[in-house]
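The values are calculated or read from the model by the stated rules, or taken from the named source; none is laboratory data. Predicted model only: the values in this text are computed from it and were never measured. So basically every Cβ, Gly included, is an ideal-geometry build from the backbone, and we count neighbours across all protein chains shown.
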Amino acid sequence: MSTSVVVSGSGLWTPENCISNEELVDSYNDYAEHFNRINQVAIEQGELTAKPFSSAEFIQKASGIKSRYVYVKEGILDIQRMYPDIPERCDEQLSDQAEMALKVAKLALTAANKQAQDIDVVIVACAYTQRSYPAIAIEVQGALGIKGFAFDMLVACSAATFALHRAYEMISAGTAKSVLLINPELTSPQVNYCDRDSHFIFGDVATAMVVESSDTASSKHVFQILSTKAVTDYSNNIRSNFGYVSRANDADPFAADKLFHQEGRKVFKEVCPMAVEHIEEHLARHQLTAENVNRWWLHQANINMNTLITRKLLGREPAESEAPIVLDKYANTASAGSIIAFNLHHQDMQSGDVGVLCSFGAGYSIGSLVLKKI
């Protein structure tokens, strides 16, 4: 077999803490009732808008989400706080994201039948990193004892696929022999748990993959990367504005515009056709159509988006086994969603089967890989 670039292992680390829709709604509705009561006069005078109430049924219908995992549960359901209570760690301690990353990295290395000395590049790719520098990736590299180099990259919900693109290019160019990609998605600190339309969207998780040359791959489940494709098109419809300049702006870090917010209907309307066109063009490079694809590992943001995209591609309703959904249990996990789907739904595939790994999100950004089981 000629040399190719392959995904030789993946890992999934799930936090111990879970929050159901019912728990989240009970907390939010208590908060909304308290807010409306103490601000009754301002609301009646039109100075404030009353907080609407929610339901578990509304969340599931709007998104397909039933529950989500969180790194720290304490504080999120407290109506006097409404955000996670994560104790600050000193500089000498392992950071929260590095701790998540280490746990999943070890799982991916085991799956790929690799040791630390076999890796020479570490990429931490996610929607948020908890600090600017030193890079979380370099912290993880040091903790694992990996030689070579490491770096962080942020491309919102497309961070994982864009990082896989970089790994593919490095292996292809011969500048790296094996790359460890990690997606420690610690999203809960940026969720506005006081907002009915977004408080349910995100969950925390960590995923990882090992990319290397087929010459060195020795694991049981190996997937050749046939090609990659990426596109970005600037949009304001998904934003998270808090950053290091916020202090200089004298901005309120708890203001709604500093946390995750989106124009959900616009995102749905604009991203779905963009993703369909992107995937069709990518498959056409290999003289493939949607019917030639055995498995769709799509970004897990909203079940209605996933269903519409696969229906447009296939011209029919996708079978559950074709386009697995994991967001019901994990919620939107930013860039990790498609990697979770891959991790949980790839071992049954046969040699020669084709799969599409695709993300779409803020930016707008879309990243895809066409994979073939070896």
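Below is a table of values for the structure above.
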read-out	value
Residue that is nearest to residue 101 (Cα to Cα), among those in the range 1-47 that are over 20 Å from the mean Cα position of the chain (by Cα) and of a type in the set (Val, Ile, Thr)	6
Hey, residue 10 under 24 Å from residue 72 (Cβ atoms), small (Gly, Ala, Ser) and not in a helix (DSSP H, G or I) or not	no
Residue 304, sole failed condition from (1) touching a residue at least 24 places away in the same chain (Cβ under 8 Å); (2) surrounded by fewer than 16 Cβ atoms within 10 Å (Cβ to Cβ); (3) more than 19 Å from the chain's Cα centre (by Cα)	(3)
Residues that are in contact (Cβ under 8 Å) with a residue 12 or more places away in the chain, closer than 23 Å to residue 156 by Cβ and assigned to a loop (DSSP other than H, G, I, E, B), drawn from the range 92-141	95, 127, 128, 129, 130, 131, 132, 135
Filtered residue count, the range 319-364, keeping only those that are closer than 22 Å to residue 286 by Cα and over 12 Å from the mean Cα position of the chain (by Cα)	13
Within the range 13-50, considering residues that are within 12 Å of residue 77 (Cα to Cα) and small (Gly, Ala, Ser), the one surrounded by the fewest Cβ atoms within 10 Å (Cβ to Cβ)	20
Among the residues listed as 102, 94, the single one being within 19 Å of residue 143 (Cβ to Cβ) and surrounded by fewer than 16 Cβ atoms within 10 Å (Cβ to Cβ)	94
Top-ranked residue in the range 325-374 [being closer than 17 Å to residue 304 by Cα and in a strand (DSSP E or B); ranked as modelled with the lowest pLDDT]	361
Filter pass, residue 132 being over 22 Å from residue 359 (Cα atoms) and among the polar types (S, T, N, Q)	yes
Residue match in the range 64-75 (condition: crowded, with 18+ Cβ neighbours inside 10 Å, at negative phi and more than 24 Å from the chain's Cα centre (by Cα))	no
Residue within the range 223-237 that is hydrophobic (A, V, I, L, M, F, W, C) and closer than 19 Å to residue 267 by Cα present	yes
Residue pairs meeting the criteria (Cβ under 7 Å; at least 6 apart or on separate chains; first surrounded by 14 or more Cβ atoms within 10 Å (Cβ to Cβ) and among the hydrophobic types (A, V, I, L, M, F, W, C), in the range 236-248; second at pLDDT below 95 and in a strand (DSSP E or B))	238/361
Candidate set from the range 145-178 (those that are aliphatic (A, V, I, L, M) and surrounded by fewer than 19 Cβ atoms within 10 Å (Cβ to Cβ)); member that is nearest to residue 363 (Cα to Cα)	154
